[in-house]
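Chemist: Okay, handing you the structure first.
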Amino acid sequence: MDSLLKEINMLPGVFGCFVYTGHQELAGAKLPPIFKENTIATMGNLLTRTLKMATMADLHLAGLEFKFDVSLLMVKPLEDGSILVMVCEPAVNKSLINMTLGMLVADIQAAINKGPVQAQIAPSPAAQPATPAAAAPPAPEAPQKREADIDATLAPVLEKIKDALAYSIGPIAGQTLRESIETWAQQGPTTKKELPGLAALLCKEINDKDLEKEFMEQIKPLF
């Protein structure tokens, strides 16, 4: 599911997306950190109920759109009451999105039908045999900082950077930005003050002087 949602996120003007089932379960999500899990669940519940009410009224909708000042919410009904929700910029290329969905919907539905992967739950301490302190394994190393660790307040800025990058390198902008953010996060602080470091990494990916200059002119006001 993750790889399918990543393909959608790579489309210019798409901020993120998620899949919610008719059983009120989140099947997968690729959204900026500002979207918390309870917020996604609330959106999923409201949208699945809206489509269910439309079906009860014999209104078989091919999709729903909710336009706001700074974003567009596109909802694609799937089978058994499931939905695919995409958060986009208002001027997103809908034809490109619909063409992409035409190739991905069947695979997304197949991933939903497989069901979520069963989580592995560690046994409670009471069920584990006592281990002498001297034999205790060494503490695991701290995980490397990833995109999810970026401050949520930077999410709107990063989305604007992704849009500017899409003008230079096209649909792969989303994936390129995510990979560059991971590298940037491993280099030190990930504050707004350090954004020029991220911009330098992205310019290396663009690898074209004219496009790099245009890209920097678009994002310089964000620093």
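The values are calculated or read from the model by the stated rules, or taken from the named source; none is laboratory data. Fair warning: this is a prediction, and the values are worked out from it, not measured in the lab. Using ideal geometry, Cβ is built from the backbone for each residue, glycine included, and neighbour counts are taken over all protein chains shown.
Chemist: Can you find even one residue in the range 76-83 that is of a type in the set (A, V, I, L, M) and either closer than 23 Å to Thr39 by Cα or touching a helix residue (DSSP H, G or I) at 6+ places or on another chain (Cβ under 6 Å) (or both)?
Modeler: Scanning the range 76-83, I find at least one residue that is of a type in the set (A, V, I, L, M) and either closer than 23 Å to Thr39 by Cα or touching a helix residue (DSSP H, G or I) at 6+ places or on another chain (Cβ under 6 Å) (or both), so the answer is yes.
Chemist: Of Thr42, Thr55, Thr48, which residue is part of a helix (DSSP H, G or I), surrounded by 15 or more Cβ atoms within 10 Å (Cβ to Cβ) and either of a type in the set (Ser, Thr, Tyr) or modelled with pLDDT under 80 (or both)?
Modeler: Result: Thr48 is the single residue among Thr42, Thr55, Thr48 that is part of a helix (DSSP H, G or I), surrounded by 15 or more Cβ atoms within 10 Å (Cβ to Cβ) and either of a type in the set (Ser, Thr, Tyr) or modelled with pLDDT under 80 (or both).
Chemist: Which residue, of Ala185, Ala155, is surrounded by 13 or more Cβ atoms within 10 Å (Cβ to Cβ), at pLDDT 80 or above, aliphatic (A, V, I, L, M) and over 18 Å from Glu7 (Cα atoms)?
Modeler: Sole residue among the options that is surrounded by 13 or more Cβ atoms within 10 Å (Cβ to Cβ), at pLDDT 80 or above, aliphatic (A, V, I, L, M) and over 18 Å from Glu7 (Cα atoms): Ala185.
Chemist: So Phe215 passes all but one of these: (1) within 15 Å of Ala155 (Cα to Cα); (2) in contact with a Leu (Cβ under 9 Å, 6 or more places away or on another chain). Which condition number does it fail?
Modeler: All conditions are met except number (1).
Chemist: Listed residues Leu104, Leu64; which is touching a residue at least 60 places away in the same chain (Cβ under 8 Å) and over 21 Å from Lys162 (Cα atoms)?
Modeler: Leu104
Chemist: Go through the range 79-91 and report how many residues are within 16 Å of the chain's Cα centre (by Cα) and either outside any strand (DSSP E or B) or farther than 17 Å from Tyr167 by Cβ (or both).
Modeler: Adding up the residues that qualify gives 6.
Chemist: Name every residue in the range 37-78 that is among the small types (Gly, Ala, Ser) and under 19 Å from the mean Cα position of the chain (by Cα), in order of residue number.
Modeler: Ala41, Gly44, Ser71
Chemist: Go through (1) closer than 22 Å to Ala111 by Cβ; (2) free of Cβ contacts under 8 Å to residues at least 40 places away in the same chain and name the single condition Val70 misses.
Modeler: Unmet condition: (1).
Chemist: Looking at the range 160-189 only, could you name the residues that are within 19 Å of the chain's Cα centre (by Cα), touching a residue at least 24 places away in the same chain (Cβ under 8 Å) and more than 18 Å from Asn9 (Cα to Cα)?
Modeler: Across the range 160-189, the qualifying residue is only Ala185.
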